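Worksheet: the structure to be examined is printed underneath.
The values are calculated or read from the model by the stated rules, or taken from the named source; none is laboratory data. The structure presented is a predicted model; accordingly, all values stated were derived computationally and were not measured. Counting neighbours? That spans all protein chains shown, and the Cβs are built from the backbone with ideal geometry, glycine included. For accessibility, only protein heavy atoms count, side chains too; no ligands or nucleic acids. Shrake-Rupley method; radii C 1.70, N 1.55, O 1.52, S 1.80 Å.
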Amino acid sequence: MYTLTNFVGCLKNNIRSKKDYVDVSFSLLVEKCLTILLNEGYILGYCLVNKKTLRIFLKYFKGRSVINDIGCISLSGFRKY
């Protein structure tokens, strides 16, 4: 349930730290989101490190992250991503 929220949090923290990549827990929902981010050009790519971990390669342009802001919008009893 909170896999996507953890994914977004890890992504934001590593973008702020200007890391080249970030490792997150594997989930089919996270993988679908990564496919969309890859197709739209927001990340360089991702790969499966082991059965439980995905490695996401972050994309930067002139020292700044291509992703300006990412987050979850949640209401009480209703989650919207």
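Brief remarks on what is shown
- Here segment 57-73 is the region considered, the condition is being touching a residue at least 40 places away in the same chain (Cβ under 8 Å) and assigned to a strand (DSSP E or B), and the residue that is surrounded by the fewest Cβ atoms within 10 Å (Cβ to Cβ) is 60.
- Where a residue in segment 1-30 is within 10 Å of residue 72 (Cβ to Cβ) and in contact (Cβ under 8 Å) with a residue 40 or more places away in the chain and its partner, wherever it lies, is assigned to a loop (DSSP other than H, G, I, E, B) and open to solvent by 100 Å² or more (accessible area, probe 1.4 Å), with Cβ under 9 Å and at least six apart: 4/81; 5/81; 8/81
- Positions within segment 63-81 being more than 21 Å from residue 39 (Cα to Cα) and at pLDDT 70 or above, in sequence order: 63, 73
- Residue tally, condition touching a Phe, Trp or Tyr at 6+ places or on another chain (Cβ under 6 Å), closer than 16 Å to residue 8 by Cα and of a type in the set (A, V, I, L, M), over segment 44-72: 4
- A count restricted to segment 36-56 and to residues that are under 25 Å from residue 73 (Cβ atoms) and open to solvent by 50 Å² or more (accessible area, probe 1.4 Å) stands at 6.
- Within segment 5-35, considering residues that are of a type in the set (A, V, I, L, M) and surrounded by fewer than 16 Cβ atoms within 10 Å (Cβ to Cβ), the one modelled with the lowest pLDDT: 29
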